[in-house]
Amino acid sequence: MARAFALAGLLRLRQIEKEHAASDLAAANALRRDAGERQARAIAALHAVPADATDSGTLFAMAAARASSRSMLADLNALTAQTEAQAEAAQQAFTEAKKRAVGLEKLETRHRDGVVAGDLRTEQAAIDEVATGAWQRAREGGEA
């Protein structure tokens, strides 16, 4: 019977960590895209506002709207920077988790290859033993 890979439990843990990090990375990238799209929509909406002031009330309203828009854009810029940082951190975490898993996966592959080679050697030895026994029996049968 083939010997089990001694680090199989650790390998499974590393694979789960890698899958979790990949999930976190996907979520961070989705948040980053969402923040960027919200920022682009806000900028497009601001460009679509007419700049014609017919009286002082309209001018004051436009000034207040622009001040509010600047504040909103500053918040969106901060949100975008924050989501970029989160996405970068998630990318680094995924890369580290992948590195840890890949090393164990390579060890498992080497172990599996060694087990297969050992099984093949054992099988070949059994075949050689059968062939040698048959040859000896045929030789002894011919001398008698």
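Structural remarks
- Taking each DSSP H run with n ≥ 4 as -39500 (n - 2.57) and averaging over every residue of the chain yields -33500 deg cm²/dmol at 222 nm.
- Against the chain, whose longest principal axis comes from its Cα atoms, helix 56-143 is set at around 0 degrees.
- Dipole magnitude of the chain about its Cα centre (Cβ charges: Lys, Arg +1; Asp, Glu -1), debye to nearest 20: 220
- Low-density loop cleavage sites - trypsin sites (Lys or Arg not before Pro) in the range 1-91, where at most 11 other Cβ are within 10 Å (DSSP): R3
- Read-out log10 I(q)/I(0) by the Debye sum over Cα atoms at q = 0.14, 0.15, 0.19 Å⁻¹, derived from the coordinates shown; its label in [x] -0.68, -0.78, -1.22; [y] -0.86, -0.90, -1.07; [z] -0.57, -0.66, -1.10: [y]
- Contour excess over end-to-end distance, with Cα ends at A138 and R121 and 0.36 nm allotted per residue: 3.6 nm
- With the cut-off at under 19 Å, measuring from each backbone N in the range 83-108 to a point 7 Å along the Cα-to-Cβ line of A42 picks out 83-87.
- A78 versus E105: modelled label distance in nm, points set 7 Å from Cα along the beta carbon direction: 4.1
- Helix 8-47 and the long axis of the chain differ in direction by around 20°, with both axes built from C-alpha atoms.
- On the basis of the beta-carbon distance and an R0 of 25 Å, D34 and A64 show a calculated FRET efficiency of 0.35.
- The value of relative contact order for the range 8-104, using C-alpha pairs under 8 Å at least six residues apart, is 59 percent.
Just so you know, all these numbers are worked out from the coordinates, no wet-lab data involved. Quick caveat: nothing in here was measured; it's all calculated off a predicted structure. Every residue, glycine as well, gets a Cβ built from its backbone with ideal geometry; the counts of neighbours run over all protein chains shown.
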